[in-house]
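Structure, as structure tokens:
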């Protein structure tokens with residue numbers, strides 16, 4: 001870490017600002033947490049009762065007892081893990097190909113892939129919806145996973161990483177009689193594990209939090225991902241659930257991602273910085 | 001049967017010619033050094049032999065079998081890389097077995113070979129460690145071990161001593177010499193250090209400017225350099241080349257006059273030398289002795305004195321500005337700025353024609 | 001192992017092939033399809049009819065579309081400058097190796113890993129005038145609640161606040177990375193030159209992170225022009241479209257009115273707007289200063 005100007009500690013206004021900011025960051029989260037521990041009846045009268053009075057686990061009980069949240073959680077897990085695995089495989093293979101193998105149009109194809117970084121979701125999402133409708137891919141796991149596999153950033157990232165490995169290793173392996181694939185699999189791939197971790201976590205996060213595509217592709221409520229399911233809950237709030245239950249769902253939905261965040265903090269931070277500096 | 005044969009290897013990168021029709025024949029179990037400055041093409045040649053680059057034209061035969069169209073792993077050739085190129089995530093044992101496993105050698109055979117190589121190279125204790133845990137010297141031995149277990153017909157060593165400190169360099173020179181004794185294969189070493197080439201190789205292939213300049217045993221390269229490039233590249237400090245013109249002499253041997261008027265009688269046969277052409281007289285420091293100012297072939301002023309303990313190197317300048325390197329006793333009393341005499345041993349002198357080609361003294365009968 | 005050099009040249013295709021096939025099929029093909037659809041009158045069920053540039057003409061004359069473009073621009077103007085300043089200030093304040101700073105950085109970053117639905121769920125019940133957190137606080141202070149989600153003048157600011165809260169993480173990270181690349185001795189030289197904090201900031205820090213600053217602004221502008229989830233879930237674009245950004249408009253046209261061609265045209269226009277804004281920003285910046 002390079003030294004900022006005069007590291008003698010923050011000036012008082014700055015300190016106040018940071019603490020105040022942190023409080024604003026945290027307040028909504030605490031509010032949500034408090035609400036989730038109150039009975040719906042109490043909250044219907046006055047939500048300010050969240051600050052006091054009897055707390056209960058009944059909302060969480062309701063979730064565990066068979067709200068669709070578990071189903072949504074499962075869907076999210078399958079889709080995100082599937083997407084992550086797929087991206088790692090495809091982008092590693094492609095990254096190796098672009099970085100180490102020489103084939104016709106290699107440079108053109110690489111630029112072609114990079115251009116994909118500039119294409120916003122909106123330009124593609126509607127026609128893709130049509131396409132998948134014709135292929136009967138909606139409301140299915142492949143329908144949710146396949147779009148996530150198209151990750152130009154992943155290819156770029158892995159290509160750069162492979163490029164950084166000294167070529168001498170390739171040459172030694174070739175002289176050791178390894179085929180190109182064996183060279184990839186046994187020699188180079190194991191050396192990319194840090195990159196895999198970073199790309200993997202980044203992909204997982206993106207897939208888990210993805211909203212628009214799962215919204216329009218998975219329309220049956222038992223096919224919702226957690227993110228989409230939570231949106232549908234919000235919209236149904238007026239009719240049914242109850243504030244406490246809704247907030248419990250929000251807390252519940254946050255847990256997996258916060259766990260991932262805490263465990264993989266380093267990778268996430270590194271990935272997001274890397275992603276934007278393409 | 002020859003071990004390695006190169007026939008007219010040619011290689012260019014785009015418009016840049018890197019190798020211009022290189023040919024060579026090696027004896028079985030011969031140790032050859034490719035010696036030359038950077039850019040001479042020696043590394044490219046090595047990589048072409050290994051199969052890491054393809055020549056634009058030419059053939060390579062190893063023990064009679066044509067290998068230039070084969071993949072690197074199929075050529076029966078092993079290479080020790082300049083920076084070792086050990087697989088960082090594999091243990092030493094796995095590093096050494098990788099090639100054999102790719103060749104589908106039987107497991108117990110692999111184990112036996114690895115164990116033996118490890119014993120010979122004294123790295124048995126390191127077999128289960130990863131390269132990152134080893135010292136530089138150990139890593140190099142692993143790299144050598146990896147090559148040995150493959151029992152190749154040809155070993156390629158890429159600048160094995162270049163990035164080593166002095167102590168390690170000595171140790172490694174011994175390793176390489178021992179390697180040579182142990183294996184039943186030919187060896188090729190690429191280096192830019194003429195001392196390495198001189199001490200280790202049976203024959204040296206001097207390369208410069210994309211071509212082979214000379215091939216021969218070290219002493220021949222030293223004593224009878226084919227041209228002025230070889231003459232100055234081999235031998236340290238470098239041979240002095242002084243402009244000279246032929247003057248009439250009797251006796252059939254060439255007699256030349258230097259720029260400052262001094263005359264030197266050589267033992268180089270006169271015929272064969274171009275008449276009326278500017279020549280260069282080649283003098284190694286050991287052929288130029290220091291005398292009293294009027295007692296030598298010519299006079300010079302000392303510009304630099306290097307005391308090496310067993311001898312002293314004197315860098316002096318002649319009256320016409322030519323710089324000459326002379327050699328004196330270890331306890332020489334010559335100092336900077338002194339006017340000295342130089343006694344040139346003409347019998348040991350070489351003459352180089354305008355095209356650089358070397359003409360040498362007839363060996364004493 | 002077949003290693004005939006004739007086929008070796010094409011080995012690479014086996015490695016990049018799988019990705020490329022998916023890429024073409026799921027990204028490029030729809031992209032081209034989309035352009036095609038935008039020239040059609042089409043519904044979601046496959047009926048197509050070529051209408052040339054009619055969709056575009058209608059869009060350019062459509063006041064609802066205009067409103068959505070204006071809304072998107074308002075959002076950008078509210079969010080990007082504030083977000084940039086706040087995250088820069090945070091990065092400056094938290095760019096130190098202490099444990100406390102690390103904890104604070106973690107807090108500020110945590111909101112950005114949550115999905116848009118979680119965030120809107122949380123903020124709905126912060127902003128909503130009856131049960132919301134802010135409303136309760138206002139009540140405790142003896143004042144009336146603020147109708148963030150129903151007052152047409154307040155819905156866009158509400159979206160902006162929510163978005164800023166959500167988006168702190170990435171720009172702050174980028175600024176931190178940029179600040180860390182400034183060599184420490186520059187600051188030491190400045191302090192020897194008796195520079196005040198403000199001068200140091202203005203003359204040394206700011207120019208050094210110029211590139212990061214530009215990056216953050218460009219990225220956030222492009223991102224917020226494409227804001228969707230918060231608008232759909234918090235305000236449903238209302239009341240009467242006063243907080244409907246372009247992407248929500250596209251969504252409603254496509255999945256509300258089933259007018260796929262029209263929506264596709266709007267999507268292409270959005271693409272152009274984002275491209276244009278990005279390029280304008282890029283050119284303005286690179287022209288003002290000669291290449292370093």
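Where a number appears in this text, it was derived from the coordinates with a stated rule and is not lab data. In this text the structure is predicted, and so the values were computed from the model without any measurement. Positions of Cβ are backbone-derived with ideal geometry, glycine not excepted, and every protein chain shown enters the neighbour counts.
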Checklist line | Compactness index (Cα Rg / 2.2 N^0.38 Å), segment C:100-168 | finding: 1.25
Check: Hey, got the average number of other protein chain Cβ atoms within 10 angstrom for residues in B:223-231?
Finding: 0
Margin query: Compute a Gaussian network model of chain B, connecting alpha carbons closer than 10 Å, and tell me which residue from B:73, B:14, B:136 fluctuates the most.
Written below: B:14
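Among bridges DSSP assigns within the protein assembly as shown, what percent are antiparallel (round to 5)?
The answer is about 80 percent antiparallel.
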Notebook entry, point to check: How far is helix B:136-149 tilted, in degrees, relative to the longest principal axis of the Cα atoms in chain B, given as a value from 0 to 90 rounded to the nearest 10?
Noted result: 70 degrees
Check: Taking springs between alpha-carbon atoms closer than 10 angstrom, which of A:150, A:187, A:124 fluctuates most in the Gaussian network model of chain A?
Finding: A:124
Notebook entry, point to check: Taking the Cα atoms only, what angle lies between the long axis of helix B:166-182 and the longest principal axis of chain B, rounded to 10 degrees?
Noted result: 70 degrees
Margin query: Sort C:85-95, C:130-140 by the packing proxy (mean of other Cβ within 10 Å over each peptide's residues), most packed first.
Written below: C:85-95, C:130-140
Checklist line | CD proxy at 222 nm, helix term only [per DSSP H run n ≥ 4: -39500 (n - 2.57); per residue of chain C; nearest 500] | finding: -20500 deg cm²/dmol
Item checked: Inter-chain shielding of C:26-36 (mean C-beta neighbours from other protein chains, 10 Å cut-off) -> 6
Notebook entry, point to check: What is the list of residues in segment C:167-205 whose amide nitrogen lies under 15 Å from a point 7 angstrom out from the Cα of residue C:211, following Cα to Cβ?
Noted result: C:174-183
Note to self: Tell me the angle of helix A:265-276 to the major Cα principal axis of chain A, expressed in degrees between 0 and 90 and rounded to the nearest ten.
What the structure shows: 70 degrees
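Take each of the peptides B:300-306, B:263-269, average the number of other beta-carbon atoms within 10 Å over its residues, and list them starting from the highest.
B:263-269, B:300-306
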Margin query: Binning at 10 angstrom from zero up to the longest distance, how are the C-alpha pair distances of segment B:1-110 distributed in percent?
Written below: 12, 38, 32, 16, 2, 0
Next item on the list: Please state, to two decimals, what the Cα-based radius of gyration of chain B comes to when divided by 2.2 N^0.38 Å (N = residues).
Entry: 1.19
Checklist line | Ratio of Rg to Rh over segment C:1-136 (Cα coordinates, Kirkwood Rh, two decimals) | finding: 1.17
Next item on the list: Using just the alpha carbons, could you tell me how many Å³ per residue the convex hull of the protein assembly as shown encloses?
Entry: 258 Å³
Notebook entry, point to check: What do the square roots of 5 times the Cα gyration tensor eigenvalues come to for segment B:271-365, in whole Å, largest first, as semi-axes of the equivalent ellipsoid?
Noted result: 27, 15, 11
Item checked: Volume of the Cα convex hull of segment C:54-114, divided per residue and given in Å³ -> 109 Å³
Notebook entry, point to check: Of the listed peptides A:212-219, B:352-359, B:100-107, B:140-147, what is their order by residue-averaged count of other C-beta atoms within 10 Å, with the highest listed first?
Noted result: B:140-147, A:212-219, B:352-359, B:100-107
Item checked: Neighbour-count order for C:45, A:252, C:19, fewest beta carbons within 10 angstrom listed first -> C:45, A:252, C:19
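Based on DSSP, what percent of beta bridges with both residues in chain B are antiparallel, to the nearest 5?
75 percent
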Next item on the list: Quickly work out the residue C:186-to-residue A:78 label distance, labels modelled 7 Å from Cα along the C-beta direction, and quote it in nm with one decimal.
Entry: 5.3 nm
Check: Once every DSSP H run of n ≥ 4 in chain A is given -39500 (n - 2.57) and the sum is divided by its residues, what mean residue ellipticity at 222 nm do you get, rounded to the nearest 500 deg cm²/dmol?
Finding: -22000 deg cm²/dmol
Margin query: Over chain C, with a Gaussian network built from C-alpha contacts below 10 Å, which listed residue (C:54, C:188, C:252) shows the highest mean-square fluctuation?
Written below: C:188
Item checked: Neighbouring partner chain Cβ atoms per residue of A:21-28, average, 10 Å criterion -> 6
Margin query: Please compute the length gained on full extension between residue A:30 and residue A:45, using 0.36 nm multiplied by the number of residues separating them and subtracting their Cα-Cα distance.
Written below: 3.4 nm
Next item on the list: Arrange the following residues from fewest to most other Cβ atoms within 10 Å of their Cβ: B:291, A:198, B:16.
Entry: B:16, B:291, A:198
